[in-house]
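Please read the structure below before turning to the comments.
The values are calculated or read from the model by the stated rules, or taken from the named source; none is laboratory data. The model shown is predicted, which means the values in this text are computed figures rather than measured ones. For neighbour counting, all protein chains shown are included, and Cβ atoms are generated from backbone atoms with ideal geometry for every residue, glycine included. Heavy atoms of the whole protein, side chains included, go into the accessibility calculation; ligands, DNA and RNA do not. Shrake-Rupley method; radii C 1.70, N 1.55, O 1.52, S 1.80 Å.
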Amino acid sequence: IDHYTRESGVRGLERLIAKICRKAALRISEDENRRSVAVSLRSVADFLGAPRYLRTPVSEKSAVGVVNGLAWTQVGGEVMPVEALALDGAGGLELTGKLGDVMKESAKIARSTVRRVAARAGLTADYFKSHDLHVHVPEGAVPKDGPSAGVALTCAMLSAVTGIPARGNIAMTGEITLTGRVLPIGGVKEKLLAAYRMGVTDILLPRENGKDLDEIEEGIRSNMQISLIDTVDEAFSAVLTQPIDRSAPSERMRAV
């Protein structure tokens with residue numbers, strides 16, 4: 001089903017099943033000795049043609065500048081990779097992947113948030129004057145918008161500028177503010193079902209969305225590790241493979 005239809009309902013699935021039935025009926029009518037037709041994973045392409053949608057499994061490997069966001073689309077929830085790359089430049093921000101205005105604003109807030117914690121991460125004051133950030137959300141033909149990618153955008157950018165890998169076995173959703181608060185979002189059920197379908201069971205969710213977990217079937221929820229967060233600092237600790245605080249021990253002691 002995943003390879004042939006992407007929808008929030010079952011109308012497209014019903015049409016595909018009907019198509020298989022019609023072709024099966026034709027084969028039986030053409031061969032008087034045939035009483036039935038078997039449809040298997042191997043033979044389904046004979047009835048429906050080559051798969052229309054190829055779902056790429058989520059990599060569990062840690063990678064610099066790559067995190068898994070959770071998105072709501074017209075066909076349901078999706079695991080949405082977010083990629084960020086830091087390059088020598090003049091402080092520019094490049095956004096690609098057919099992003100809407102609200103998502104572009106989230107990327108700007110994410111960049112400001114990363115700048116706010118730059119000193120803690122060991123970056124010099126002029127780092128963002130001499131480096132560009134390029135953020136890309138794959139499947140560029142698919143429009144993407146909304147504020148719920150804020151946490152993912154921030155984590156991807158911070159991973160890119162610090163060189164600290166981000167964990168590949170965790171997905172996240174949540175809007176962020178300039179002060180680093182994580183705000184609730186919509187489509188929680190669809191997003192968590194998408195993560196479950198793709199094999200991602202470690203989830204970061206805004207704390208205020210904790211009430212929405214009652215909508216998730218217990219059999220699915222019990223197989224997921226869902227962490228409720230209030231701030232992006234909590235997201236950094238969960239997503240990055242190393243702490244971002246790179247101050248020297250003596251400096252930390254003086255600060256205490």
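Comparison of Val102, Val137 shows that the only residue that is open to solvent by less than 30 Å² (accessible area, probe 1.4 Å), out of contact with any His (no Cβ under 7 Å at 6 or more places or on another chain) and touching a residue at least 24 places away in the same chain (Cβ under 8 Å) is Val137.
Conditions (1) among the small types (Gly, Ala, Ser); (2) under 14 Å from His134 (Cα atoms), marked per residue:
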residue	(1), (2)
Lys61	no, no
Asn68	no, no
Trp72	no, no
Gly92	yes, yes
Gly100	yes, no
Lys104	no, yes
Arg111	no, yes
Ala118	yes, no
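Among the listed residues Ala25, Ala45, Ala38, which satisfies the condition of being surrounded by 11 or more Cβ atoms within 10 Å (Cβ to Cβ), of a type outside the set (Val, Ile, Thr) and either under 30 Å from the mean Cα position of the chain (by Cα) or in a loop (DSSP other than H, G, I, E, B) (or both)? Being surrounded by 11 or more Cβ atoms within 10 Å (Cβ to Cβ), of a type outside the set (Val, Ile, Thr) and either under 30 Å from the mean Cα position of the chain (by Cα) or in a loop (DSSP other than H, G, I, E, B) (or both) holds for just one of Ala25, Ala45, Ala38, which is Ala45.
Of all the listed residues (Glu78, Glu139, Glu83), the sole one being in a strand (DSSP E or B), modelled with pLDDT under 95, out of contact with any Asp or Glu (no Cβ under 8 Å at 6 or more places or on another chain) and charged (D, E, K, R) is Glu78. Residues in region 22-44: is at least one within 30 Å of Thr162 (Cα to Cα) and without any contact (Cβ under 8 Å) to a residue 40 or more places away in the chain? Checking region 22-44: not a single residue is within 30 Å of Thr162 (Cα to Cα) and without any contact (Cβ under 8 Å) to a residue 40 or more places away in the chain. On inspection, Pro147 does not qualify as within 29 Å of Arg6 (Cβ to Cβ), out of contact with any helix residue (DSSP H, G or I) (no Cβ under 7 Å at 6 or more places or on another chain) and not hydrophobic (A, V, I, L, M, F, W, C).
Residues of region 1-22 being in a helix (DSSP H, G or I), under 28 Å from Met198 (Cα atoms) and open to solvent by 60 Å² or more (accessible area, probe 1.4 Å), which ones?
Listed by number, the residues that qualify are Arg11, Glu14, Arg15, Ile17, Lys19.
Residues that are in a helix (DSSP H, G or I), of a type in the set (D, E, K, R) and open to solvent by less than 80 Å² (accessible area, probe 1.4 Å) within region 105-134 comprise just one, Arg111. Being farther than 27 Å from Gly199 by Cβ, open to solvent by less than 50 Å² (accessible area, probe 1.4 Å) and modelled with pLDDT under 95 is a property that does not hold for Val58.
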